[in-house]
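Notes follow once the structure below has been shown.
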Amino acid sequence: MHKGFWVGVVLCAITGGSVWSSPASSAGSDLAEQALQGPLLAGTDPEDGVATQAPQGGGKEAPPLENPFTVQSGLYAGIFGGGAFSNPEYGYSAYPAPVGLSGFTERGGIVNGVGGLLFGYEFAGNKIGDSWDFYWRPAVQLDAFYLGLTAASSGPGYGAPAVPGAIDSKQNFNAGVITVDGLLNLYTPLLTVHFGIGVGGAYISNSSASAVPNGGPASGQNLLGAGINTSAGAFAVEGIAGIDRWINKRWSVFVEYRYLLLTGTNFSYSGNPAVFGPGQVVNQHFDQFTANLVLAGLRYKF
């Protein structure tokens, strides 16, 4: 009898302990899950691109919500290339007598190549509206690129306007440009739109030059001899607008338009001794260089 009594006591203790311990364990588990599944902080940089909804009513965890373009902010680099469509330029050439001052009547529409590198830093931004489907971020970017510039003109020739004829002039320039850009990036579920402005400097050098009258005593002769001063520095400013398509969270391809303005420069050449005599100089002044740049490139986020 004593043996049966003690067996009953042990069984009651086991079953009673399991009944009382189960609710406490379950409640502790629910509290831990709630603590781990707090909401995302509004206005933070959505680095991972995935937000998890907290379970409601003790049900199953909801599927993750994908933010398509929650690309990491931070450092990036890229490469780009394309075409530079030179605009008409304005200025003049000062020839020795008997030609004198000949203003430029410019011709534009000449295409040259462009190629360069970019390095930048994109800062954390914020969402537009109630979701991260649309958001914005500012960025600062350093550009270093090469482009060709061609200035083609037709100006008055010998004794103009008394003697018919004009001087057809053509100068090909190489320009190295460095700018610091301020950009604003607008992210959407499909594309990223960016626009901004850049300022910096340029080094312009003349690779070839000619000035050939098509009438008058020196018709068909190049009035320019060897270059004397064929390079100059210039202030640079550009407007930028483009579209990115992110392949993943690291890589994107982009197309871009830039309007580039380089301030005025001066160049000088020795005059053709057969036309002007020995020791004569031709001076050329350009008010500015401008070009429309159409570019495509690849960008990488670190």
Self-check item: Qualifying residues in the range 250-273 (those that are touching a Leu at 6+ places or on another chain (Cβ under 7 Å) and under 30 Å from ALA226 (Cβ atoms)) - the one surrounded by the fewest Cβ atoms within 10 Å (Cβ to Cβ)
Solution: ASN272
Exercise. Among the candidates ALA226, ALA241, single out the residue that is open to solvent by 30 Å² or more (accessible area, probe 1.4 Å), under 38 Å from the mean Cα position of the chain (by Cα) and over 30 Å from TYR135 (Cα atoms).
Key: ALA226
Practice problem: Go through the residues of the range 241-259 one by one and say whether even a single one is in contact with a Gly (Cβ under 7 Å, 6 or more places away or on another chain), over 27 Å from VAL275 (Cβ atoms) and among the small types (Gly, Ala, Ser). | Solution: no
Quiz item: Do any strands (runs of 3 or more DSSP E) entirely within the range 108-172 hold 3 or more residues that are at pLDDT below 80, and if so, which?
Solution: 131-156
Self-check item: Selection from the range 195-251 of residues that are farther than 30 Å from GLU122 by Cβ, among the hydrophobic types (A, V, I, L, M, F, W, C) and outside any strand (DSSP E or B)
Solution: ALA218, LEU223
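The values are calculated or read from the model by the stated rules, or taken from the named source; none is laboratory data. Bear in mind the structure is a predicted one, so any value in this text is a computation, not a measurement. Neighbour counts are summed over all protein chains in view; Cβ atoms, including those assigned to glycine, are modelled from backbone coordinates with ideal geometry. Please note that ligands, DNA and RNA were not included when accessible areas were found on the heavy atoms of the full protein model with its side chains. Shrake-Rupley method; radii C 1.70, N 1.55, O 1.52, S 1.80 Å.
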